[in-house]
Amino acid sequence: MTGSNAFRQNAHQIVDWIADYFENIEKYPVKSVVAPGEILDALPDQAPQKAENFAAIMDDFQKIIMPGITHWQSPNFFAYFPANSSFPSVLAEMLTAALGTQCMVWETSPAAAELEERVMKWLKECMGLPASLAGVIQDTASTATLCAILTAREKASSYAINKSGFKDQGICRVYCSVDTHSSIAKAVKIAGLGTENLVQIGVDEKRSMLISELEKAIVSDIEQGSRPLCVIATLGTTSTTAIDPLPEIGDLCRRHGIWLHVDAAFAGTALFLPEYRWMGKGIENVDSFVFNPHKWLFTNFDCSAYFVKDKEALIRTFEILPEYLKTKADSQVNNYRDWGIPLGRRFRALKLWFVLRSFGVEGIQSKLRSHMKWARQLTREIESVPDFEMLAPVPLNTLCFRFKPATIHELKAVNELNERLLTTLNQSGKLYLTHTKINGIYGIRMVIGQTNVTQNHVTKAWERIKQTARKMREQGK
């Protein structure tokens, strides 16, 4: 199995399996229906002492592993946010695995470093981001946000915390809306700031951060002797893809000397469309910005694009130079190990390069426009059907709605009904949706953004939702 001839034979089998998988993906239940522990119980307690043949391994893959897979690449996947892939991305990932490149510094693979520099420039131009931003690929937006908070911390303390800890630094405060992603709280905790110093700001009727509350909180903290460190603005909040008012937040941060980080993990891809550049108004005032090509840009996980205005502050926060990493090229190149947390780095730029070249900007734009067109159409459908109602605006392609029969008035009863409806839909295996809660109201959440989704998939999903809801109503459930 380890020779090149066996590899060639097995690799052909794997490629055929992958092609068949995508052709037949809709035959699988979108969400895995296995019980907790079922896969674990099917696996041997001990590792094999002797080599096993490839056919046996693939057979167990089919019998044991596949039943426990939720099919994120199914066009009937409408849950969470997508973790999209595509054939160009898969092919590039195969090459990445074969090369096994460790991309910690330019010296270890010059092509990896320079391709990363180039594709980040391409992204910046495709999205209308300021030329002053420097880009680097991180693994996830969670890591990128942690990098932003750490850099803000070090710059505000003149890099003293990295050297001496928090001695004499006082209390540092971070601000975000109540709808901001949970990774912000985690980053604040990891950065040593304390979750008690994460200030969550209220939102308006569109679920956007309230500037008046943000300013009030900042002024109050300054008066009490705390240091406002960083504001996290969101373009596309987790529950509803609400858009925070970036120009006003930027003005406020500039006046008070506060680091402004923008989390656009999912929605940032929409900036590929000129008609959605309104989301990025005020982007010239941000200190850092992140979005995930591995969500809505058809590039398989993991690949997160992080941009920063002051790259020297970023590098100074993370750089460390032991003797064994010093090279003669250091002053002429980007050593991306100093642009984030890990020393070791994967060759993530390759799959992004394959995707951008294979789809082209126009191909990407066409898919994005279709997703948002279908979301607008479905919104109108939901609004026109009795017993259904929208729960939040739909600025992009994420819909939050609920089943609300006119005969049921108690909030708890309506919430429980929608929870049962969602469970029933997901157990059908025909589609996968998730939920959110908005002001205590349980809502069904549907994201139209999978790489291969079509209008027909959206139509069939909506018909199944309506039919299942009506059946539940008739049965009095």
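The values are calculated or read from the model by the stated rules, or taken from the named source; none is laboratory data. Remember, it's a predicted structure, so these values are computed and weren't measured experimentally. Because the Cβ atoms are built from the backbone with ideal geometry, glycine has one as well, and the counts that use them run over all protein chains shown.
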Single residue of Arg345, Arg357 found to be part of a loop (DSSP other than H, G, I, E, B) and of a type in the set (D, E, K, R): Arg345
Selection from segment 193-209 of residues that are within 22 Å of Ala392 (Cα to Cα) and touching a residue at least 24 places away in the same chain (Cβ under 8 Å): Gln200, Ile201, Gly202, Val203, Lys206, Arg207, Ser208, Met209
Residue count, segment 429-474 (criterion: in contact with a Lys or Arg (Cβ under 9 Å, 6 or more places away or on another chain) and not hydrophobic (A, V, I, L, M, F, W, C)): 14
Contacts under 9 angstrom Cβ, first residue in segment 18-44 being under 22 Å from Leu431 (Cβ atoms) and modelled with pLDDT of 95 or more, partner basic (Lys, Arg) and part of a helix (DSSP H, G or I), 6 or more apart: none
Identity of the residue in segment 162-190, β-branched (Val, Ile, Thr) and surrounded by 20 or more Cβ atoms within 10 Å (Cβ to Cβ), that ends up farthest from Glu312 (Cα to Cα): Thr180
Residue among Gly257, Gly268, Gly236, Gly280 that alone is on the phi > 0 side of the Ramachandran plot, within 20 Å of the chain's Cα centre (by Cα) and either surrounded by 24 or more Cβ atoms within 10 Å (Cβ to Cβ) or of a type in the set (Gly, Ala, Ser) (or both): Gly236
Residue in segment 148-155 that is touching a helix residue (DSSP H, G or I) at 6+ places or on another chain (Cβ under 8 Å), surrounded by 15 or more Cβ atoms within 10 Å (Cβ to Cβ) and among the β-branched types (Val, Ile, Thr) present: yes
Number of positions in segment 214-237 that are over 29 Å from Phe81 (Cα atoms) and free of Cβ contacts under 8 Å to residues at least 40 places away in the same chain: 7
Only one of Thr108, Thr96, Thr140, Thr101 that is hydroxyl-bearing (Ser, Thr, Tyr) and touching a strand residue (DSSP E or B) at 6+ places or on another chain (Cβ under 7 Å): Thr140
Within segment 1-88, helices (runs of 4 or more DSSP H) holding 1 or more residues that are surrounded by 11 or more Cβ atoms within 10 Å (Cβ to Cβ) and in the same structural domain as Thr423 (by TED's automatic domain parsing): 4-24
Which listed residue is without any contact (Cβ under 8 Å) to a residue 12 or more places away in the chain and within 20 Å of Gly344 (Cβ to Cβ), from Ala144, Ala111, Ala92: Ala111
Single unsatisfied condition, Asp168 versus (1) in contact with a helix residue (DSSP H, G or I) (Cβ under 6 Å, 6 or more places away or on another chain); (2) outside any helix (DSSP H, G or I); (3) over 19 Å from Asp287 (Cβ atoms): (1)
Any hit, segment 419-436, residues being over 24 Å from Ser85 (Cβ atoms) and under 22 Å from the mean Cα position of the chain (by Cα): yes
Subset of segment 115-138 (residues that are surrounded by fewer than 20 Cβ atoms within 10 Å (Cβ to Cβ), of a type outside the set (A, V, I, L, M) and under 11 Å from Phe347 (Cα atoms)): none
Residue, surrounded by the most Cβ atoms within 10 Å (Cβ to Cβ), within segment 422-459, restricted to residues that are without any contact (Cβ under 8 Å) to a residue 24 or more places away in the chain and in a helix (DSSP H, G or I): Leu422
Test: Thr317 is under 23 Å from Glu196 (Cβ atoms) and touching a Ser or Thr at 6+ places or on another chain (Cβ under 6 Å): no
Every residue from segment 89-113 that is in a helix (DSSP H, G or I), more than 25 Å from the chain's Cα centre (by Cα) and surrounded by 17 or more Cβ atoms within 10 Å (Cβ to Cβ): Trp106, Thr108
Scan of segment 337-391 for residues that are more than 30 Å from His435 (Cβ to Cβ), surrounded by fewer than 15 Cβ atoms within 10 Å (Cβ to Cβ) and among the hydroxyl-bearing types (Ser, Thr, Tyr), ordered by number: Ser366
Filter result (of a type outside the set (Phe, Trp, Tyr), free of Cβ contacts under 8 Å to residues at least 40 places away in the same chain and under 25 Å from Ala92 (Cα atoms)) within segment 56-68: Ile57, Gln62, Ile65, Met66
Residue match in segment 291-305 (condition: more than 28 Å from Pro75 (Cβ to Cβ) and either at pLDDT 95 or above or surrounded by fewer than 21 Cβ atoms within 10 Å (Cβ to Cβ) (or both)): no
